[in-house]
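Visitor: What follows is a single structure, and I will ask about it in a moment.
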Amino acid sequence: MKILKNYLTIVICLFFISCEKVVKVDLDTAPPKLVIDASIDWKKNTIGNDQKIKLSATTAYYSEEFPMVSGANVVVTNSTNTSFEFIENSGTGEYICSNFQPVIGETYTLTISLNGDTYTATETLVAVPEIEDNIEQNNTGGMAGDEVEITYYYQDDASQENYYLYSNKIPQVAFPQYSVENDENSQGGLIPVYYSHKDFKVGDIVNIKLYGISKRYYDYFRKLLNASGNDDGPFATTPTAVRGNIVNQTRNENFAYGYFRLSEVAIRDYIIK
């Protein structure tokens, strides 16, 4: 009994010690990989000429910054071999194009040349419907009925299979919250999208974005959510790296992270009442 008592005392002491001090474990740092943020977003009712592609690199686990990658040659080409060059804003890792020509259904190829490697990806620009005007607010919404909930709608195109990316940006959360959906169970219907938060207050602005995406990006994003442990399931997977549609044509083992996506985007702001 005395041995058991001493053992419990040690365990309790270790518990309180662990609560007071954050322990950082020494981790091996893998060689950096290129990270490509190549999301071409064409906002409805705009020309869409101004576009941006960001290049960065993976870094150590405890690092709070991602190093920017400079010196790359970044070009997007359409099916008629018209090229759109993205020029770096010096030293920022942001590559800017001011003459891009977005066309729904057009196929584009991204080519990035960096340090002797050539990365490529091909994708199609996908259309999206408008967000309907009749956004509804329910002050007893959410799973437990204790949240302010908004519902917005869009009309699905019945002539084809469609895939969507939802983005909601609110003052209470630092970054937009994303999810993806398809029209498998709502083909051609008026589709409702529900979003709620317990800390909404009168005057808060909800920035809503609806993107048209390809099936390939839909599948990629679902894998990304599962791998990050944010799928809200009871048996979430261990966080892992998920690779997108960008391929290193020079050295396949020196792959990059990220995805080349082209979307039409519907945008609407809603003010909480």
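Every read-out reported here was derived from the displayed coordinates using simple, explicitly stated rules and does not represent laboratory data. None of the values given here were measured: they were computed from a predicted structure. Don't worry about glycine lacking a Cβ; one is built from the backbone with ideal geometry, like all the others, and counts go over all protein chains shown.
Visitor: Which ordering of Ser70, Ser39 is given by a fewest-first count of other beta-carbon atoms within 10 Å?
Guide: Ser70, Ser39
Visitor: Measure up Lys52/Lys273; Lys169/Lys215; Lys52/Lys215; Lys52/Lys223 against 29 Å on the Cα-Cα distance and list the ones that go over.
Guide: Lys52/Lys273
Visitor: Another question about this same structure. From the residues Thr124, Ile191, Ala144, which one has its Cα farthest along the dipole of segment 83-193 in the positive direction, the dipole being from +1 and -1 charges on Cβ of Lys/Arg and Asp/Glu about the Cα centre?
Guide: Checked the options; the winner is Thr124.
Visitor: Can you tell me what share of the DSSP beta bridges in segment 136-229 is antiparallel? A percent to the nearest 5 is fine. Numbers along the way, then the final one.
Guide: Numbers: 25 of 25 bridges.
Counting DSSP beta bridges with both partners in segment 136-229, the antiparallel share is about 100 percent.
Visitor: Continuing with the same structure: What is the extension gain from Val75 to Lys201, computed as 0.36 nm multiplied by their sequence separation minus the C-alpha to C-alpha distance, in nm to one decimal?
Guide: Length gained, Val75 through Lys201: 40.9 nm.
Visitor: Find the relative contact order for segment 136-229 and round it to a whole percent, using C-alpha pairs within less than 8 Å whose residues are 6+ positions apart.
Guide: Working: 156 pairs, mean separation 31.3, N = 94.
In percent, rounded to a whole number, it is 33.
Visitor: Same structure again: Separation between the Val247 and Ala57 pseudo-spin-labels, each 7 Å from Cα along Cα→Cβ, expressed in nm?
Guide: Taking the two extended label points, one gets 2.6 nm.
Visitor: Still on this model: Can you list the GluC sites (Glu not before Pro) in segment 78-156 that are in a DSSP coil and have 15 or fewer other beta carbons within 10 angstrom?
Guide: Those satisfying the criteria are Glu106, Glu130, Glu132.
Visitor: Please work out the FRET efficiency for the pair Phe255 and Asn99, using the Cβ-Cβ distance as r and a Förster radius of 22 Å; give the result to the nearest 0.05.
Guide: 0.15
Visitor: What does the charge dipole of segment 136-229 about its Cα centre add up to, to the nearest 20 debye, if the Cβ of each Lys and Arg holds +1 and the Cβ of each Asp and Glu holds -1?
Guide: Taking the Cα centre of segment 136-229 as origin, the dipole is about 420 debye.
Visitor: Can I ask one more? Express in nm, to one decimal, how much length is gained between Ser159 and Ser113 on full extension, taking 0.36 nm for each residue of separation and deducting their alpha carbon distance.
Guide: 12.7 nm
Visitor: Roughly speaking, what is the stretch gain from Asn139 to Asn89, that is 0.36 nm per residue apart minus the C-alpha to C-alpha distance, in nm to one decimal?
Guide: Contour length minus the Cα-Cα distance gives 13.5 nm.
Visitor: Only Cα pairs under 8 Å and at least 6 apart count here; give the relative contact order of segment 74-177 as a rounded whole percent.
Guide: Taking the mean separation of contacting Cα pairs over the length of segment 74-177, I get 16 percent.
Visitor: Gly189's amide H: which non-local residues (gap 5+, or another chain) put their own amide H closer than 5 Å, with H modeled 1.01 Å from N in plane and none for Pro or chain starts?
Guide: The list, which skips near neighbours in sequence, is Asp156.
Visitor: Right, another one. Sort Ser167, Ser83 by Cβ crowding within 10 Å, fewest neighbours at the top. Can you show the working numbers first?
Guide: Values: Ser167 16, Ser83 10.
Least crowded to most crowded, the residues run Ser83, Ser167.
Visitor: Computed on alpha carbon atoms, what radius of gyration and Dmax characterise segment 136-229, expressed in Å?
Guide: 14.5, 40
Visitor: If neighbour count is taken as other Cβ atoms inside 10 Å, put Thr80, Thr140, Thr122 in order from fewest to most.
Guide: With the sparsest Cβ surroundings first, the list reads Thr80, Thr140, Thr122.
Visitor: Another question, then. Distance in nm between label sites at Thr122 and Asp269, each 7 Å beyond Cα in the beta-carbon direction?
Guide: Distance between label points: 4.1 nm.
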